[in-house]
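As structure tokens, the structure follows; a few thoughts come after it.
The values are calculated or read from the model by the stated rules, or taken from the named source; none is laboratory data. Values in this document were obtained by computation on a predicted structure and should not be read as measured data. Cβ placement follows ideal geometry from the backbone for every residue including glycine, while neighbour counts extend to all protein chains displayed.
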Amino acid sequence: MGNFTYMDVFEKRMTEHDILTDAERAALQEVMQTSESSSPCVLIVDDDPLARDLLAEFLELNAIECLKACDEAQALALLASGKPIHLMLTDLRMQPHDGLHLIRKVRESERAALPVIIMSGDASVRDAIDAMHLSVVDFLLKPIDTDKLLTLIRKELNI
């Protein structure tokens, strides 16, 4: 018998017995593809390419899928794209808009409930207070304690 996947066998049975309408079959296919590709995904937003890439590499080594954005515009475009993003990790100090501005935009969007962790190497008490008013999961100071970050992300994503 060759190498068949579950989907191959399922599709063969569905076409042989034709118990579903085309619309039902399409809906079922979409649900199955979504559930197969719905591993937790974190959006990393940082204007420093080295920091962004290192964080992504660290998370991917810990079996957490990542998307990366260099600024607010790119982050908002990814969030609006429909990609399954489960948490956003953003830097505070970015140009032209900072991380707090980005979080405010997210809170005003359809993704308002998205969990957010903010990080900064240069933050004031006012920044931390503003972040907490925006319902962030946590505010981490750089250099990032990777153990704490991983624990926060796993807890928030239930993994």
Point to revise | Answer from THR151, THR90 - the residue that is part of a strand (DSSP E or B), free of Cβ contacts under 8 Å to residues at least 60 places away in the same chain and assigned by TED's automatic domain parsing to the domain that holds ASP46 | key: THR90
Check your understanding: Quick one: would you say MET88 is within 23 Å of ASP145 (Cβ to Cβ), over 13 Å from the mean Cα position of the chain (by Cα), surrounded by 19 or more Cβ atoms within 10 Å (Cβ to Cβ) and aliphatic (A, V, I, L, M)?
Key -> no
Practice item. Using the structure shown, decide if LEU79 is surrounded by 13 or more Cβ atoms within 10 Å (Cβ to Cβ), in a loop (DSSP other than H, G, I, E, B), out of contact with any Cys (no Cβ under 8 Å at 6 or more places or on another chain) and at pLDDT 95 or above. Key: no
Study note, to complete from the structure: Checked region 136-157 for anything hydroxyl-bearing (Ser, Thr, Tyr) and exposed (fewer than 13 other Cβ atoms within 10 Å of the Cβ); matches are THR151
Review point. Does ILE129 satisfy the criteria of being among the hydrophobic types (A, V, I, L, M, F, W, C), surrounded by fewer than 19 Cβ atoms within 10 Å (Cβ to Cβ) and either modelled with pLDDT under 90 or under 21 Å from SER39 (Cβ atoms) (or both)?
Key: yes
Review point. Does region 56-76 hold any residues that are within 23 Å of ALA123 (Cα to Cα) and surrounded by 19 or more Cβ atoms within 10 Å (Cβ to Cβ), and which are they?
Key: ALA56, ALA69, GLU72, ALA75
Exercise for review: Residue by residue through region 95-123, note down the ones that are within 20 Å of LEU149 (Cα to Cα) and assigned to a loop (DSSP other than H, G, I, E, B).
Suggested key: ALA113, LEU114, PRO115, GLY121, ASP122, ALA123
